[in-house]
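S.K.: Please read through the structure below; I'll follow up with questions.
The values are calculated or read from the model by the stated rules, or taken from the named source; none is laboratory data. Not measured: the values here are computed from a predicted model. So basically every Cβ, Gly included, is an ideal-geometry build from the backbone, and we count neighbours across all protein chains shown. We work out accessible area using only protein heavy atoms, side chains counted, and drop any ligands, DNA or RNA first. Shrake-Rupley method; radii C 1.70, N 1.55, O 1.52, S 1.80 Å.
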Amino acid sequence: MSEAKDEKAAVPPAVQQIFNGPVYGVSGQTYNQTVNAGVASETVQERVPKNLPLSHARIFVGRENALTTLHQQLQGTDRVAIASVTGMGGVGKTELALQYARANASSYPAGLCWLSAREVDLGAQILAFGRKQLGLEAPDTLDNLKDQVEWFWANWRPPTGAALVVLDDVADYGTIRDYLPSETRFKVVCTTRLQTLSLGFERLPLEVLEPQDALKLLRSLAGDERVKAEPEQAVQLCGWVGWLPLGLELVGQYLHQRQTVSLGKMLERLDKKRLEQKALLGPAYDTTAQRGVREAFDLTWQDLTPEAQTVACVLSIFALAPIPWGLVEGSLSDWDEEDLEDVRDEVLVTQSLVQDSGDGLYELHQLVREFLQEKLVIQEDAEDLKRSVGKAVVRTTSQMPQTPTIKDINESIPMLTHWQEVVRQLMNYLERDYSCIYPFVSLGRFYQWQGMYEMANYWNKECLGFMIECFGKKHHMVGISLQNIAEVYRLQGNLNKAESLFLEALEIYNLTLGYCHPEIAISLSNLGAIYKARGRYDKAELLVSRALEICLAMLGKVHFLTAKNTNNLAEIYQLKKEYKKAEPLFSRALDVFRELFGEKHPEVGIVMSNLAVTYQYQGKYERAKSLLIESLEILQGDLVGGHPLTAMIMNNLAELYRLQGKYQEAKPFYLQALRNSKTILGEEHDQVAMIMNNLAELYR
């Protein structure tokens, strides 16, 4: 044991005074006084935008000087003040930031914004705060997340005073750098374990609690009488957990739940643990803090039922993100639903191993997850549990439709990190069958239908590598992966790369599936789209006609692929100016999509737009206008703003107005279509060139 720890192990005279009198919180106030003051403050500030989480601290002690220093750092600079609350894990960095925000709300009349820096989508959190608290929605023209966040900071314009932004648990400055506000009216607090966040940042080091403050915290949890009865053991217990607030909180809860366990007995249990003997106070890295927390977790683990231990281990297999409870139920599908809920609510949540985040989401703290993963290793059924979790997550990926709407995208967001976890950690536990492609495909679709093509093809290429590893280079699963990559290249306007990969996929299909299979139809249709884009309409017609024949023979008239190829063939006839052939095909495809998906679906909107163009070319302007407006409403409601398909419909509506001589009505639609297309597709895409040409014609 280090000398520093030996000094704290003794009971100094000042500590003896702790065993008499009330327990005090911040600045000498009792806990109730502090809470009441906070309530009054919030009443005054009830209109202030804020999203501060609840504090679960029984009392908050030993940080008066730190609170004062933090306030001085934030107020004493003309630029953005980033106070880095640093130190080892479990010292109360988050609680300090939270207590400061609550106690000093009046200093920030513009609002208080709390963000979790460890979340993958920090920018999305900032935008969500803006929507919920301030009613700010970034323009559709800003597709880049960084630009949207910059727009939010610029447009959060309080009438007077500063705003406080807290970024909790920053692990890497690079992950937050692009999302920080640049104006001095925003004061920023970061909690982090890093000794130095970045050059020039204000730094507030936070140490473990002093002995008297640690004993105050223990008294509030274990009870005055128990601590008074065993003063020496109380000090030893505080020292054993490293004087860490988190360790004291967990051990105190354990004692509170087990009133018959004496402090001496608690020490005996700790002494019997086979732990590596290493000082808990040490370097800035959180190894000592983890050790103290791990000891406290292990005490709770001993009293868990085997069922609770199993559920806890299952939770640790998921990604470090809020876990939809449905995934847990799917992983333990042979359990009774109510029994599983009892384990969750009455054991794991009650004993603070699991946090209820609301909306059916449950969270593990990073250290808790690490601890549980260690326990998982020694579980006899660990491999089976991993397989079950992998299968449950894969089942959710199989539900991602081929044409996802905004609703589908939003419902996928809580699953996204867990899909990625399966791809990165659990694929080797899954069967080598068709289902193993679903996580990759769904990740690709998630990003593709938001116009995020680079991210889509990242996962498509990851899929290709895994399919080759599992099945070899000449397998139809490899062909699917090639097609998905090629389709993104086609959408980006890279027709040469797309054609090469489509042909490679078709060759694989011909070898493995024969000449009459739905995947063959998809490949032929995709190649047809390439030749259509190049103006080779006869070759495109031949390929798409064959694709439609296969779909009708294999899938029937009422099927997504049949309707899709019916629409594709009609598009070719439209380009060939064979409108009498195109119109009935569009109508047929529209009827099938309505039967499959209802009136409000992207595929319905797309075919409506195509049919409208056919009416437009035949001079049926009013019918065309009605369909274009309806299709635009559908796609703007069901696709992410700024999507290339939405831009094309805006262009088509502008063309209709131009042909009717309604130039002032046409211009804003051209401009919006051009902005959206440039944002998603880049300056060199054919769609951008076409819209620019149309706009030039309008000006002419």
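S.K.: Could you check the stretch 102-146 and list, in sequence order, the residues that are farther than 11 Å from TYR179 by Cβ and part of a helix (DSSP H, G or I)?
M.R.: Once the filter is applied, which keeps residues that are farther than 11 Å from TYR179 by Cβ and part of a helix (DSSP H, G or I), the stretch 102-146 yields ARG102, ALA103, ALA105, SER106, SER107, ALA128, PHE129, GLY130, ARG131, LYS132, GLN133, LEU134.
S.K.: Further question on the same structure: Name every residue in the stretch 388-405 that is in a helix (DSSP H, G or I) and either out of contact with any Ser or Thr (no Cβ under 9 Å at 6 or more places or on another chain) or buried (at least 18 other Cβ atoms within 10 Å of the Cβ) (or both), in order of residue number. Don't jump to the end; show me each part of the working.
M.R.: Pass one, the stretch 388-405, residues in a helix (DSSP H, G or I): 388-397.
Matches in the stretch 388-405: SER388, VAL389, GLY390, LYS391, ALA392, VAL393, VAL394, THR396, THR397.
S.K.: Could you tell me how many of the residues in the stretch 615-634 are in a helix (DSSP H, G or I) and surrounded by fewer than 24 Cβ atoms within 10 Å (Cβ to Cβ)? Lay out the reasoning, then the answer.
M.R.: Of all residues in the stretch 615-634, those in a helix (DSSP H, G or I) come to 615-617, 621-634.
Checking which are surrounded by fewer than 24 Cβ atoms within 10 Å (Cβ to Cβ) leaves us with 615-617, 621-623, 625-626, 629-630, 632-634.
Of the residues in that region, 13 qualify.
S.K.: Can you name the residue in the stretch 574-599 that is open to solvent by 30 Å² or more (accessible area, probe 1.4 Å) and among the hydrophobic types (A, V, I, L, M, F, W, C) and is also nearest to ILE649 (Cα to Cα) among such residues?
M.R.: The extreme case among them is LEU575.
S.K.: Right, something else. Across the stretch 159-186, which residue is most open to solvent (accessible area, probe 1.4 Å) among those that are of a type in the set (Gly, Ala, Ser), over 14 Å from ILE126 (Cα atoms) and touching a Pro at 6+ places or on another chain (Cβ under 9 Å)?
M.R.: Restricting to residues being of a type in the set (Gly, Ala, Ser), over 14 Å from ILE126 (Cα atoms) and touching a Pro at 6+ places or on another chain (Cβ under 9 Å), the top hit is GLY161.
S.K.: If you don't mind, another one. Considering (1) touching a strand residue (DSSP E or B) at 6+ places or on another chain (Cβ under 9 Å); (2) open to solvent by 20 Å² or more (accessible area, probe 1.4 Å); (3) at pLDDT 90 or above, say which one GLN148 fails and leave the rest.
M.R.: Against the list (1) touching a strand residue (DSSP E or B) at 6+ places or on another chain (Cβ under 9 Å); (2) open to solvent by 20 Å² or more (accessible area, probe 1.4 Å); (3) at pLDDT 90 or above, GLN148 comes up short only on (1).
S.K.: Out of the residues in the stretch 329-359 that are charged (D, E, K, R) and not in a helix (DSSP H, G or I), which is most open to solvent (accessible area, probe 1.4 Å)?
M.R.: Quick first cut of the stretch 329-359, residues charged (D, E, K, R) only: 329, 334, 336-339, 341-342, 344-346, 356, 359.
Of the ones still in play, those that are also not in a helix (DSSP H, G or I) are 334, 336, 356, 359.
Values: ASP334: 133, ASP336: 79, ASP356: 82, ASP359: 154 Å².
Filtering the stretch 329-359 for residues that are charged (D, E, K, R) and not in a helix (DSSP H, G or I), the one most open to solvent (accessible area, probe 1.4 Å) comes out as ASP359.
S.K.: Another question, if that's okay. Can you list residue pairs whose Cβ atoms sit under 9 Å apart, with the first residue in the stretch 162-189 being within 16 Å of GLU202 (Cα to Cα) and in a helix (DSSP H, G or I) and the second being aromatic (Phe, Trp, Tyr) and at pLDDT below 85? Count only pairs 6 or more apart in sequence or on different chains.
M.R.: Close Cβ pairs satisfying both conditions: TYR173/PHE201.
S.K.: Identify all residues within the stretch 553-573 that are touching a residue at least 12 places away in the same chain (Cβ under 8 Å) and open to solvent by 20 Å² or more (accessible area, probe 1.4 Å); write none if there are none.
M.R.: Taking the stretch 553-573 and keeping what is touching a residue at least 12 places away in the same chain (Cβ under 8 Å), we get 553-555, 557-573.
Across the stretch 553-573, the qualifying residues are ALA553, MET554, LEU555, LYS557, VAL558, HIS559, PHE560, LEU561, LYS564, ASN568, GLU571, TYR573.
S.K.: Filtering the stretch 298-328 down to residues that are open to solvent by less than 60 Å² (accessible area, probe 1.4 Å) and part of a loop (DSSP other than H, G, I, E, B), which residue is modelled with the lowest pLDDT?
M.R.: First, the residues of the stretch 298-328 that are open to solvent by less than 60 Å² (accessible area, probe 1.4 Å): 298-301, 304, 308-319, 321-328.
Subset that is part of a loop (DSSP other than H, G, I, E, B): 304, 318-319, 321-322.
Details: LEU304: 83, PHE318: 95, ALA319: 93, ALA321: 89, PRO322: 92.
Checking each candidate, the answer is LEU304.
S.K.: Would you check which residues across the stretch 370-387 are open to solvent by less than 40 Å² (accessible area, probe 1.4 Å) and either modelled with pLDDT under 80 or under 23 Å from the mean Cα position of the chain (by Cα) (or both) and list them?
M.R.: Passing the criteria: PHE371, LEU372.
S.K.: Give the residue that is most open to solvent (accessible area, probe 1.4 Å), with candidates limited to residues of the stretch 430-444 that are modelled with pLDDT under 90 and either assigned to a helix (DSSP H, G or I) or over 21 Å from GLY465 (Cβ atoms) (or both). Step through it out loud before you land on a result.
M.R.: Our first condition is that a residue be modelled with pLDDT under 90; within the stretch 430-444, this holds for 430-435.
Now narrow it down to the ones that are either assigned to a helix (DSSP H, G or I) or over 21 Å from GLY465 (Cβ atoms) (or both): 434-435.
Working: TYR434: 100, SER435: 40 Å².
Per the criteria, the residue is TYR434.
S.K.: A further question on this structure: Residue under question is PRO602, and the condition is that it be open to solvent by less than 50 Å² (accessible area, probe 1.4 Å), touching a Gly at 6+ places or on another chain (Cβ under 7 Å) and touching a residue at least 24 places away in the same chain (Cβ under 8 Å); does it hold? Please lay out each step first, then the result.
M.R.: On the way: open to solvent by less than 50 Å² (accessible area, probe 1.4 Å): yes; touching a Gly at 6+ places or on another chain (Cβ under 7 Å): no; touching a residue at least 24 places away in the same chain (Cβ under 8 Å): yes.
Spelling it out, it is not the case that PRO602 is open to solvent by less than 50 Å² (accessible area, probe 1.4 Å), touching a Gly at 6+ places or on another chain (Cβ under 7 Å) and touching a residue at least 24 places away in the same chain (Cβ under 8 Å).
S.K.: Hey, another quick one. Could you grab me the full set of residues in the stretch 406-426 that are charged (D, E, K, R), open to solvent by 40 Å² or more (accessible area, probe 1.4 Å) and within 25 Å of PRO602 (Cβ to Cβ)?
M.R.: Scanning the stretch 406-426 gives LYS407, GLU411.
S.K.: Considering only residues that are under 21 Å from VAL328 (Cβ atoms) and without any contact (Cβ under 8 Å) to a residue 24 or more places away in the chain, which ones fall in the stretch 399-409? Don't jump to the end; show me each part of the working.
M.R.: Quick first cut of the stretch 399-409, residues under 21 Å from VAL328 (Cβ atoms) only: 399-400.
Within the stretch 399-409, GLN399 is the sole residue that qualifies.
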